[in-house]
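The values are calculated or read from the model by the stated rules, or taken from the named source; none is laboratory data. Since we're looking at a predicted model, the values are computed, not measured. Using ideal geometry, Cβ is built from the backbone for each residue, glycine included, and neighbour counts are taken over all protein chains shown. For accessibility, only protein heavy atoms count, side chains too; no ligands or nucleic acids. Shrake-Rupley method; radii C 1.70, N 1.55, O 1.52, S 1.80 Å.
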Amino acid sequence: MDFLNKAYGQLTDLFRSMTPAARITAALLVCAIVISLMYLFRTNTSSADELLLGGREFSSAEIAAAEAAFAQAKLAGSEIVGNKIRIPRGQKAAYLAALAENNALPEDFGTMMSSAVASENPFMSSKSLDLRVQAAKQRELALIISRMRGVATATVTFDEVDKPGFPRRKEMSAMVAVQPAPGEELTGDQVRSIRHTVAAAYAGLDRNNVTITDLSGRSFPGLTADGLGSAEDNLYAEAKQRYEHDWQTKIYDRLRMIPGVVVGVNVDLDPEIMHQLTSHKLDPKPVAVQSSESTENSTSTGPTTAGRPGVVPNSMVNAPAAIRQDRGPQSTTERNDTTQASIVGQDRITSRRAPLTPKQVQVVVDVPYSYYRKVWEERNPPAAGQEPVTPPPAELDKIEVETRKRIEDTVVKLLPRPETGNDPFIPVMVTSFHDLSQPAIAAPSTADIATTWLAENWQTVAMLLLGGFGLVLLRGLVKAPAAPPRTTAPESATEQPVATNDSDEDEAADTLNMPQRRFTTKGPTLRDELREMVKEDPDAAATVLKAWIGDAA
């Protein structure tokens, strides 16, 4: 605490000893130093800005809406970095409030459908609710498609009409307008992905009825009933490109251990769009499919009746009557019926082949000669303390033959099997090339590094120089001057009585020197200094006056 009191007293004495102009200059310099240090600390400890919503990526429409909201709220500190928005640090609440007030917050998946359903009221008809839900679904699909890779914005339009007839049916179609990202263009895979996404969102919508419009100039109409596109679509080229890319990726994955390898793939497709084969073969031997058999037996006998032979008189005499009955003619009938149904045996085979299938695949692999040299150096490392030896050409040729054979065996297993017959084409060809050494990029010089650093941090350097200059100037203003050398008393003073005590003599000398130090500093006039001294220490002032009068006499 005593140290602080002494320091405060010294600072007070220094401030009092300064002229008014010096005091104003010192105060301004102190303010400049404080402001410079504050600015320097702010720019060095933080980037002075941050990414909005944690660095979320915005679409072009969302960025335009956000900039309009910031302009409405008079917030001019935002910056667009790619698809992100950078705002001043510490003002996130103000920027979010501006987005919310202007309804410019980015919409997430599902929020549109939730808003459409939440807006239902008892006075709304079912038709109006269906229209709202359909519009929300279209915006939802547009948002999903806009988040795909290479797509900046998207718009989805859906329509359906009732077709006449019984039973009644509906015909649905959809159109998707896509704005690709800068420097991008829609690929066949992206078109198929968009078609499947839109078709899955509407029950009963055929993906062939979805048309994709690239706002950069190209259109992808829906497919026809036979699976073909319009005359503008080259299905062969798209399928060929897709197959070549797939095989190139597979081969690169297997040969990635070879630095600088180059792989080229060519795929020949079967140009048939539809191939259906039906075979019907008949068997010469019929096959019984139904058989029936019936048997019938019948016997018939005819009876015969006769009296006594001869003439019997007709008399009333009682006489016995004898009647004899003999068996008549007899016949027997037997009938067997057999019925059998047979058909001719036959084989019916129907096969359908996928369209645009790869018919032949050819691969060319180029290997740099530097790879063979590196392999030789790995196999023949130099001894400790010796320089690397140049490999002999024969050894490099041997390694080249081994490498070619290994690559051919590896790549052939990735290709489809060729059709039966003599194929004059070689499916895999491995060649070598001399990779030319590229000139080394010169490292930036010290002057270039210093210039670049100074261009990026000149404000910080300027603040440091200004603060240092202010400190030096302030130190020069407030630093007390050194005490002048002790002056010897004049000859006339020797005749005066001399004090016998040494301590009194030293004290008198200090008293004489103290006002001289005060008067030697630049400041107010001598009269003001003397008046102030009389107020502070009258005894010292009287001593000084006596000494001056004695010197003058």
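State yes or no: is GLU378 modelled with pLDDT of 85 or more, surrounded by 16 or more Cβ atoms within 10 Å (Cβ to Cβ) and farther than 30 Å from HIS275 by Cβ?
No: the conditions fail for GLU378.
Under 8 Å between Cβ atoms, at least 6 apart or on separate chains: pull out the pairs that start in segment 368-393 with a residue that is of a type in the set (A, V, I, L, M, F, W, C) and end on any residue that is open to solvent by less than 60 Å² (accessible area, probe 1.4 Å).
VAL375/ILE399; VAL375/THR403; TRP376/PRO391; TRP376/LEU396; TRP376/ILE399
Against the condition closer than 30 Å to LEU235 by Cβ, at pLDDT 70 or above and surrounded by fewer than 10 Cβ atoms within 10 Å (Cβ to Cβ), how does SER351 come out, does it pass?
So SER351 fits the description; yes.
Can you pull out every residue in segment 140-161 that is part of a helix (DSSP H, G or I) and either surrounded by fewer than 12 Cβ atoms within 10 Å (Cβ to Cβ) or among the acidic types (Asp, Glu) (or both)?
Once the filter is applied, which keeps residues that are part of a helix (DSSP H, G or I) and either surrounded by fewer than 12 Cβ atoms within 10 Å (Cβ to Cβ) or among the acidic types (Asp, Glu) (or both), segment 140-161 yields only GLU140.
With (1) open to solvent by 40 Å² or more (accessible area, probe 1.4 Å); (2) assigned to a helix (DSSP H, G or I); (3) at pLDDT 75 or above; (4) within 27 Å of ALA199 (Cα to Cα) as the list, and ALA100 as the residue in question, which single condition is left unmet?
(4)
Would you pick out the residues in segment 208-262 that are at pLDDT 85 or above and of a type in the set (Gly, Ala, Ser)?
GLY260
Considering only residues of segment 55-81 that are acidic (Asp, Glu) and closer than 15 Å to LEU105 by Cβ, which is surrounded by the most Cβ atoms within 10 Å (Cβ to Cβ)?
Here the residue is GLU62.
Give segment 162-187 a look and list any residue that's within 15 Å of ARG218 (Cα to Cα) and either among the hydrophobic types (A, V, I, L, M, F, W, C) or not in a loop (DSSP other than H, G, I, E, B) (or both), or say none.
MET175, VAL176, ALA177, VAL178, GLN179, PRO180, ALA181, LEU186
For residues that are modelled with pLDDT of 85 or more and outside any strand (DSSP E or B), scanning just segment 423-444, find the one that is surrounded by the most Cβ atoms within 10 Å (Cβ to Cβ). Let's see the steps before the verdict.
Of all residues in segment 423-444, those modelled with pLDDT of 85 or more come to 427-434.
Of the ones still in play, those that are also outside any strand (DSSP E or B) are 427, 434.
On the way: PRO427: 16, HIS434: 8.
Residue satisfying both the conditions and the ranking: PRO427.
Can you work out which of the residues in segment 187-216 that are aliphatic (A, V, I, L, M) and in contact with a helix residue (DSSP H, G or I) (Cβ under 8 Å, 6 or more places away or on another chain) is farthest from ARG147 (Cα to Cα)?
Among them, the one singled out is LEU205.
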